[in-house]
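S.K.: Sending over a structure as structure tokens; questions will come in a sec.
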Amino acid sequence: QVQLVESGGGLVEPGGSLRLACAASGTIDDIYLMGWYRRTPGKQREAVARISNSGRTMYQDALKGRFIISQDKVKNMVYLQMNGLQPEDTAVYYCSVQQSGLQYWGQGTQVTVSS
């Protein structure tokens, strides 16, 4: 089992930035993909950004250039730097990892972009 804890969410004004962090713990032996997803009310959860064990990054096309994913494999951490935030970025952001054919999820952290 892998446990994930997100942090860094909150309220930010339009144009502002936030950095989300996710700590993975538990039985970690071969994580091959870490990522961030988000869900807004009335919509399905969508992939925001993912990073493979080799460091290959994948972004939702609409977010390229504003969001940056990174990882610290020694600390089993994944980060999401979010810049130029807009009200439409308001969502619950979830951390996820894939290991041994299973996908694990965190509880989510709320990001609200509002003036």
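S.K.: For segment 1-69, what % of the accessible area comes from carbon and sulfur atoms, probe 1.4 Å?
M.R.: On the way: 1850 of 3940 Å².
It is 47 percent, rounded to a whole number.
S.K.: Place a label point 7 angstrom from the Cα of I68 along the Cα-to-Cβ direction, then list the residues of segment 85-99 whose backbone nitrogen is under 15 Å away.
M.R.: 85
S.K.: Turning to a different aspect of this structure: Separation between the L102 and K75 pseudo-spin-labels, each 7 Å from Cα along Cα→Cβ, expressed in nm?
M.R.: Rounded to a tenth, the inter-label distance reads 2.6 nm.
S.K.: If you don't mind, there's one more thing I want to ask. Using all Cα-Cα distances in the chain, what percent lands in each 10 angstrom bin from 0 up to the longest?
M.R.: Using 10 Å bins, I get a P(r) of 15, 50, 29, 6, 0 for the chain.
S.K.: Follow-up. What is the spin-label model distance, in nm, from S25 to M58 if the labels are put 7 Å beyond Cα along the C-beta direction?
M.R.: Placing both labels 7 Å beyond Cα along the Cβ direction yields 2.9 nm.
S.K.: Here is a follow-up. Within the chain, which is the longest segment that contains none of the trypsin sites (Lys or Arg not before Pro) sitting in a DSSP loop with at most 14 other Cβ atoms within 10 Å?
M.R.: Values: sites that count: K43, R56, K73, K75.
The reported range is 1-42.
S.K.: Turning to a different aspect of this structure: Rounded to the nearest whole Å², what accessible area per residue is found for segment 1-52 with the 1.4 Å probe?
M.R.: Values: 2800 Å² over 52 residues.
Per residue, segment 1-52 has an accessible area of 54 Å².
S.K.: Quick check: residue separation of Q86 and Y32 times 0.36 nm, minus the Cα distance between them. What number comes out in nm? Could you put the intermediate results ahead of the total?
M.R.: Working: separation 54, 0.36 × 54 = 19.44 nm, distance 3.07 nm.
Here the segment from Q86 to Y32 would lengthen by 16.4 nm.
The values are calculated or read from the model by the stated rules, or taken from the named source; none is laboratory data. Being a predicted model, the structure only gives us computed values, none of them experimental. So basically every Cβ, Gly included, is an ideal-geometry build from the backbone, and we count neighbours across all protein chains shown. SASA here: full protein model, heavy atoms, side chains in, ligands and nucleic acids out. Shrake-Rupley method; radii C 1.70, N 1.55, O 1.52, S 1.80 Å.
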